[in-house]
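Sharing a structure, written as structure tokens. Questions coming.
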Amino acid sequence: MALPEEQLENIKPEDIKIAPEKSSINTKMLIIGIPLFIIQLIAVYFITANILMKKIQGQTIENGKDSVTAVQTINKKNNPADLGKFIYSTDDVIINPADTDGKRLLLTSVGFDVPTADMENELKARDAMVKDAVISTLSSQDLAKLDDAAYRDTLKMQISSRLKSLIPSITINNVYFSKYILQ
């Protein structure tokens, strides 16, 4: 509301009361809120790091009936000196990955670590079944999975599982890719 000029001349500077400006930042909020926020962040960090991460690390990556920890458990049961002693290898298997219409190829050589020479001879005698297990397992995968280096352990488990279902009398300690070329 505007005042007429006559009244403006009669106003003395002492009569003018200026209301203090309200701060947009509340100091109580700064003093209490920020430390409380930091404490919450620390609590969330420790809960995540100590409780949730242990649960996540304890879980295995499940793929059907098999898991990566199954191979690790089998390997721990065997004497480390026996690992790699009997390895049966299928050399230069060429596979057409799924959904590539034959335009892409995977060239691989797969080695199977078995505990005894008898099992190695059994795999040699059933070479066609072994190659079929490798080809059928790898050809069912798409390029994204075959190209992912982290997924190779899962592929090894799938090949091992497929081979155990075809030849139940063998035990496979580990599966090795000695050649793995995707073109």
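The values are calculated or read from the model by the stated rules, or taken from the named source; none is laboratory data. The model shown is predicted, which means the values in this text are computed figures rather than measured ones. Note that each Cβ is placed from the backbone with ideal geometry, even for glycine, and that neighbours are counted across all protein chains shown.
Can you name every residue in the range 148-183 that is in a helix (DSSP H, G or I) and in contact with a strand residue (DSSP E or B) (Cβ under 6 Å, 6 or more places away or on another chain)?
Going through the range 148-183, the residues in a helix (DSSP H, G or I) turn out to be 149-166.
154, 156, 157, 159, 160, 161 - these are the residues of the range 148-183 that are in a helix (DSSP H, G or I) and in contact with a strand residue (DSSP E or B) (Cβ under 6 Å, 6 or more places away or on another chain).
Mind checking which pairs have a first residue in the range 126-137 that is over 16 Å from residue 105 (Cα atoms) and a second that is assigned to a helix (DSSP H, G or I), Cβ under 6 Å, 6 or more apart or different chains?
That search, which allows pairs on different chains as well, returns 129/166; 130/123; 133/162; 133/163; 133/166.
Kindly evaluate residue 94 against the criterion of being β-branched (Val, Ile, Thr), part of a helix (DSSP H, G or I), more than 19 Å from residue 150 (Cα to Cα) and modelled with pLDDT of 80 or more.
Values: β-branched (Val, Ile, Thr): yes; part of a helix (DSSP H, G or I): no; more than 19 Å from residue 150 (Cα to Cα): yes; modelled with pLDDT of 80 or more: yes.
Criteria not met by residue 94.
Can you name every residue in the range 129-147 that is polar (S, T, N, Q) and assigned to a loop (DSSP other than H, G, I, E, B)? Talk me through it step by step, then tell me what you get.
Just the residues of the range 129-147 that are polar (S, T, N, Q), to begin with: 136-137, 139-141.
Within the range 129-147, 140, 141 meet the criteria.
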